[in-house]
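K.L.:
Once you've had a glance at the structure underneath, I'll fire off some questions.
No lab work stands behind these numbers, since they all come straight from the coordinates. In this text, all values refer to a predicted model and were calculated from it rather than measured experimentally. Please note: Cβ atoms are built from the backbone with ideal geometry, for glycine as well, and neighbour counts cover all protein chains shown.
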Amino acid sequence: MGRIAYVNGRFVPHREAAVHIEDRGYQLADAVYEVWAVMGGKLADAEGHFARLERSLAELRIRPPMSRKALEMVMRETLRRNRVREGLIYLQVSRGVAPRDHAFPGDDVQPSLVMTAKSLDRAATEAKAAKGVAVVTVPENRWGRCDIKTVGLLPNALARQQAREAGAYEALFVDELGMVTEGAASNAWILDRDGVLRTRDTNANILRGITRRTLMDVIAEAGLPFQERPFTVDEAKAAKEVFVTGAGSLVMPVIAIDGEKVGDGTPGPVAMRLRRLYIERARETAI
Ligand code: PLP
């Protein structure tokens, strides 16, 4: 069965799915996106991702293309048509199609909405987590509004490519103070020398990860020591454990940073436990 995409009111074969060349998402990265993990055919952390989508749109003054309820119906239909039970659903809203001009078009321009869904091999992802992944560090070079989930991902794409060329899974951005900000598509965490779980606070210029937020609840329930506090690359390299979180990675143990082993170079027990607890919770609460 071929993949099906949703584009502005129509379900179309994936290879034919297209937006106009003057779509502002294409021309100016004037668009936001959101990604949900799909578990058992349901949306994981649904509320958090919808709320962040609405916030991203509001921050950029892009009109929501439809109500949340309608959006949810289209998403479910996209999942159904693609027979996705385990995977990801991607949704993008741009300010719409208009003659190229940096300033906003008139109110008559409709936002564009596209959606795709894909299946993931959860067994393969579990095997990856069981082995752990390597990361590299790259200088932070993004704009000042990384809290908005825009498609302006060029620095993230370049960072990921650098990671790939180094045989690593993810790149961690590092600011001018030597502090890790976040991953190219994930939030970064450590279990520090004192046994405290730490991730950077969201007053900083990072995405407010939904997986991160849910994991904070999981950590509180498990009664583990936790602080929202930034850490340096050196602290990460010297940490007991390191991991990254995101809708794609869920909770992914990191076993090397810039070629240097973290701990004994195998996935840490706390990261693996948190992965299991997060997945259990996400499955239970998926809608
Ligand atoms: N940080 C960045 C830059 C991301 O792109 C992502 C996800 O794609 C995350 C963090 C993790 O966010 P979430 O847990 O909401 O998927």
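K.L.:
When residues of region 175-213 are filtered for being in a strand (DSSP E or B) and either more than 14 Å from the ligand (Cβ to nearest atom) or in contact with a Lys or Arg (Cβ under 8 Å, 6 or more places away or on another chain) (or both), how many remain?
P.N.:
The total comes to 12.
K.L.:
Select from region 240-261 the residues that are crowded, with 22+ Cβ neighbours inside 10 Å and in a loop (DSSP other than H, G, I, E, B) and write down the one among them that is nearest to the ligand (Cβ to nearest atom).
P.N.:
The qualifying residue nearest to the ligand (Cβ to nearest atom) is ALA247.
K.L.:
Could you check how many residues of region 18-27 are surrounded by 18 or more Cβ atoms within 10 Å (Cβ to Cβ) and either of a type in the set (D, E, K, R) or in a loop (DSSP other than H, G, I, E, B) (or both)?
P.N.:
3
Rundown of residues vs (1) within 14 Å of THR137 (Cβ to Cβ); (2) in contact with a Ser or Thr (Cβ under 9 Å, 6 or more places away or on another chain), yes/no style:
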position: PRO155; (1), (2): yes, no
position: GLY167; (1), (2): no, no
position: VAL196; (1), (2): no, no
position: ILE206; (1), (2): no, yes
position: THR211; (1), (2): no, yes
position: MET216; (1), (2): no, yes
position: GLN227; (1), (2): no, yes
position: VAL233; (1), (2): yes, yes
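K.L.:
Now, a different point. Can you pull out every residue in region 65-102 that is under 16 Å from ASP23 (Cα atoms) and without any contact (Cβ under 8 Å) to a residue 60 or more places away in the chain?
P.N.:
Residues satisfying the conditions are PRO65, LEU91, ASP101.
K.L.:
Consider ALA134 against the criteria (1) more than 15 Å from the ligand (Cβ to nearest atom); (2) under 17 Å from the mean Cα position of the chain (by Cα); (3) aliphatic (A, V, I, L, M): it satisfies all of them except one. Which criterion is unmet?
P.N.:
So ALA134 meets the others, but not (2).
K.L.:
Where the second residue is within 6 Å of the ligand (Cβ to nearest atom) and hydrophobic (A, V, I, L, M, F, W, C) and the first is touching a residue at least 24 places away in the same chain (Cβ under 8 Å) and lies in region 208-219, which pairs have Cβ atoms under 9 Å and are six or more apart or on separate chains?
P.N.:
Within 9 Å, the pairs are GLY209/ALA247; ILE210/ALA247; THR211/ALA247.
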